[in-house]
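The values are calculated or read from the model by the stated rules, or taken from the named source; none is laboratory data. Note that the structure is a prediction, hence the values are computed from the model and not measured. Neighbour counts are summed over all protein chains in view; Cβ atoms, including those assigned to glycine, are modelled from backbone coordinates with ideal geometry.
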Amino acid sequence: MSAQDQASLDQVLAALGAISDSGSGRGLVELGWIQEPRLQGDRALFRLALPGFAQSQRDRIAAEARSALLGLPGINDLQIEVAQPNASHHQGAPIGAGGHGAGGHGAGGHGAGGHGQGPERQPIPGVRQVIAVSSGKGGVGKSTVAVNLACALAAAGLRVGLLDADIYGPNAPTMLGVADRSPEVSGEGAAQVLRPIETCGIAMVSMGLLIAENQPVIWRGPMLNGIIRQFLYQVDWGERDLVVVDLPPGTGDAQLSLAQAVPMAGVLIVTTPQQVSLQDARRGLAMFLQMGVPVLGVVENMSGFIPPDAPEKRYAIFGSGGGARLAAEAGVPLLAELPLEMLVREGGDRGQPVVLAQPATATARAFMALAERIRSSHLQPA
């Protein structure tokens with residue numbers, strides 16, 4: 001075969017450069033995810049170094065690379081060397097790292113570190129305090145509480161960040177109206193830093209900003225551990241009085257990762273008055289107590305339905321008194337009883353949190369009262 005019939009390395013680079021990250025739209029060569037492209041006879045080779053959050057794109061990228069390169073003259077074979085994501089939780093690891101490498105579940109995981117908040121906990125640079133919003137089960141409005149609480153605290157004058165740690169079901173971008181935006185990522189490789197999206201007076205990061213719409217996140221524990229640690233330490237949070245963390249429901253890896261990574265001012269337990277919700281909330285509350293994380297109190301959501309045509313009425317469609325009973329059992333305060341109004345759901349679907357869009361509603365006023373109670377009782381003065 002003559003030299004004219006053999007593709008050049010520049011052609012290989014150009015073909016690979018046309019492949020993009022489905023989340024940000026940036027080229028993989030530009031992002032540094034395609035490394036060491038080279039030619040060996042009729043074979044093209046390169047190293048695919050995907051960060052943790054992009055691992056679900058691997059098969060699609062491999063297929064596009066194969067199609068692009070085997071279409072070049074003189075290339076009859078392709079070899080892709082897949083790099084393992086870095087499992088380190090320290091700053092400097094690639095955004096989204098945390099795979100199945102030597103780090104296992106990361107420092108302070110399910111091994112010798114136990115379940116307590118061990119000595120390896122690292123404060124987030126520039127962030128004074130962290131509180132988490134958790135629930136024992138899904139569907140109780142935990143993300144609605146986290147988003148509106150963050151916005152209410154910001155409206156009260158605090159510099160607030162929101163970390164959407166619900167990796168498998170990230171809803172915060174939709175609730176804040178930024179699902180179509182992508183965060184800026186600066187640096188390359190191990191020095192990448194993500195800049196949060198600024199909206200509604202808060203700074204927010206979420207897995208939902210990094211993946212395509214409807215793209216599932218199919219990860220085991222170590223990768224989940226990695227992305228949460230990097231959302232903590234490889235995000236340019238700036239100077240923040242508080243970061244609110246919206247945790248996924250349940251008592252799994254995300255809760256362990258957060259409690260073992262960063263010192264927290266405490267956690268709010270969200271429940272509805274319904275018995276099945278209370279059962280799961282008890283388990284979640286007990287888990288945080290066993291891990292040495294302060295439980296700030298219980299938030300009862302959907303405590304009573306307020307019909308839009310009769311705002312003076314309330315209907316206890318999920319029961320009543322459940323949040324108070326849970327708080328009394330655990331010896332913690334009942335921080336709020338948040339009513340259920342149609343405007344809350346409508347605002348969340350439109351990306352307009354009710355606490356900002358409808359401040360005169362009963363729910364918005366309850367959120368503002370909750371924010372003031374958290375600010376005055378549990379946040380350190382500046």
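Before moving on, here are some points about what is shown:
- Residue selected from the range 320-366 under the condition in a helix (DSSP H, G or I) and touching a Cys at 6+ places or on another chain (Cβ under 8 Å), by the criterion nearest to residue 145 (Cα to Cα): 355
- Scanning the range 326-334 for residues that are under 30 Å from residue 200 (Cα atoms), in the same structural domain as residue 200 (by TED's automatic domain parsing) and among the small types (Gly, Ala, Ser) turns up nothing.
- Any hit, the range 30-44, residues being part of a helix (DSSP H, G or I), over 22 Å from the mean Cα position of the chain (by Cα) and either farther than 22 Å from residue 191 by Cα or touching a residue at least 12 places away in the same chain (Cβ under 8 Å) (or both): yes
- Verdict on residue 302 being over 23 Å from residue 378 (Cβ atoms), in the same structural domain as residue 169 (by TED's automatic domain parsing) and out of contact with any helix residue (DSSP H, G or I) (no Cβ under 6 Å at 6 or more places or on another chain): yes
- Total residues in the range 231-273 satisfying the condition of being under 29 Å from residue 316 (Cα atoms) and hydroxyl-bearing (Ser, Thr, Tyr): the figure is 3.
- When residues in the range 123-148 are screened for being farther than 25 Å from residue 269 by Cβ and at pLDDT below 90, 0 of them pass.
- Subset of the range 295-319 (residues that are out of contact with any Asp or Glu (no Cβ under 8 Å at 6 or more places or on another chain), surrounded by fewer than 15 Cβ atoms within 10 Å (Cβ to Cβ) and assigned to a loop (DSSP other than H, G, I, E, B)): 307, 309, 310, 311, 312, 313, 316
- Annotation: of all residues in the range 58-85 being within 27 Å of residue 192 (Cβ to Cβ) and outside any helix (DSSP H, G or I), the one that is modelled with the lowest pLDDT is 85.
- If you filter the range 162-181 down to residues that are of a type in the set (D, E, K, R) and surrounded by 19 or more Cβ atoms within 10 Å (Cβ to Cβ), you find that the one that is farthest from residue 352 (Cα to Cα) is 166.
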